[in-house]
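Trainee: My structure is below; once you've seen it, I'll send some questions.
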Amino acid sequence: MEIWKAVPNYEGYYEVSSLGRVKSLARLVKHSNGGKKLLKERIRQTPTELRGYSVIALNKKGVRKVFKVHVLVIWAFTGWYGNGRRDMAIDHINEVKTDNRLENLRVISARENISRSTKGGTSKYTGVAWYKPLEKWRTQIVINGKVKHLGVFTSELEASKAY
């Protein structure tokens, strides 16, 4: 069953569902000719950005902001919003970046997120992950909430030693 919740800070403008869909709500907006225009409620398209995540542009009072859909789902249903925290991450459990169903999302530590297995290369080492764009092993660590990139390596063991 699909459940809809208001997008925080966009109440009365947009809602996001437990299935990862976003809709704009019916409302009156200023028209370019000075009058008012009725916008109908509609499900919005969520294009995919370069890294493979679904995104949506939200507009409120003339200000446009782009969000990743999975962030909106977690924010609306759990109240958690990263606020720039680099020590936590939203994980797609099934590793499909466009599957933004609430049941497929969870908030985990950045360390867990980096260490999680990924399609195309599962690492048995903490802090090591397969980096598909370069087709190499990448390692990074979070210290005091900041991500420190340690390098990319041809061998998983080399990456682990660097970690």
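Trainee: Given the condition within 25 Å of LEU19 (Cβ to Cβ) and at pLDDT below 85, answer yes or no: does some residue in segment 133-148 qualify?
Mentor: So far as segment 133-148 goes, no, none of its residues is within 25 Å of LEU19 (Cβ to Cβ) and at pLDDT below 85.
Trainee: Taking segment 120-163, which residues are loosely packed, with under 15 Cβ neighbours inside 10 Å and touching a residue at least 40 places away in the same chain (Cβ under 8 Å)?
Mentor: GLY145, LYS146, VAL147
Trainee: While we're looking at this one, here's another question. Looking at segment 55-107 only, could you name the residues that are in contact with a Lys or Arg (Cβ under 7 Å, 6 or more places away or on another chain) and over 19 Å from VAL147 (Cβ atoms)?
Mentor: VAL55, ILE56, ALA57, LEU58, ALA76, PHE77, ILE93, GLU95 - these are the residues of segment 55-107 that are in contact with a Lys or Arg (Cβ under 7 Å, 6 or more places away or on another chain) and over 19 Å from VAL147 (Cβ atoms).
Trainee: Scan segment 56-89 for residues that are open to solvent by 30 Å² or more (accessible area, probe 1.4 Å), farther than 24 Å from LEU39 by Cβ and modelled with pLDDT of 90 or more and report the count.
Mentor: The number of residues fulfilling the criteria is 4.
Trainee: Contact list please: Cβ distance under 8 Å, first residue in segment 22-46 and closer than 19 Å to GLU11 by Cβ, second residue aromatic (Phe, Trp, Tyr) and in a loop (DSSP other than H, G, I, E, B), pairs at least six apart or on different chains.
Mentor: Taking only residues 6 or more apart or on different chains, the pairs are SER24/TYR13; LEU25/TYR13; ARG27/TYR13.
Trainee: Shifting gears a bit: Would you kindly identify the strands (runs of 3 or more DSSP E) lying entirely within segment 1-45 that contain at least 2 residues that are open to solvent by 50 Å² or more (accessible area, probe 1.4 Å) and closer than 16 Å to VAL66 by Cα?
Mentor: Qualifying strands (runs of 3 or more DSSP E): none found.
Trainee: Being touching a residue at least 24 places away in the same chain (Cβ under 8 Å), part of a strand (DSSP E or B) and farther than 17 Å from TRP4 by Cβ is the filter here; which residues of segment 55-99 pass it?
Mentor: ASN59, LYS60, ALA89, ASP91, listed by residue number.
Trainee: Which residue out of GLU112, GLU95 is at pLDDT below 90, of a type in the set (D, E, K, R) and open to solvent by less than 70 Å² (accessible area, probe 1.4 Å)?
Mentor: GLU95
The values are calculated or read from the model by the stated rules, or taken from the named source; none is laboratory data. These figures come from a predicted structure and were not determined experimentally. Ideal geometry is used to build each Cβ from the backbone, glycine not excepted, and the neighbour counts take in all protein chains shown. We work out accessible area using only protein heavy atoms, side chains counted, and drop any ligands, DNA or RNA first. Shrake-Rupley method; radii C 1.70, N 1.55, O 1.52, S 1.80 Å.
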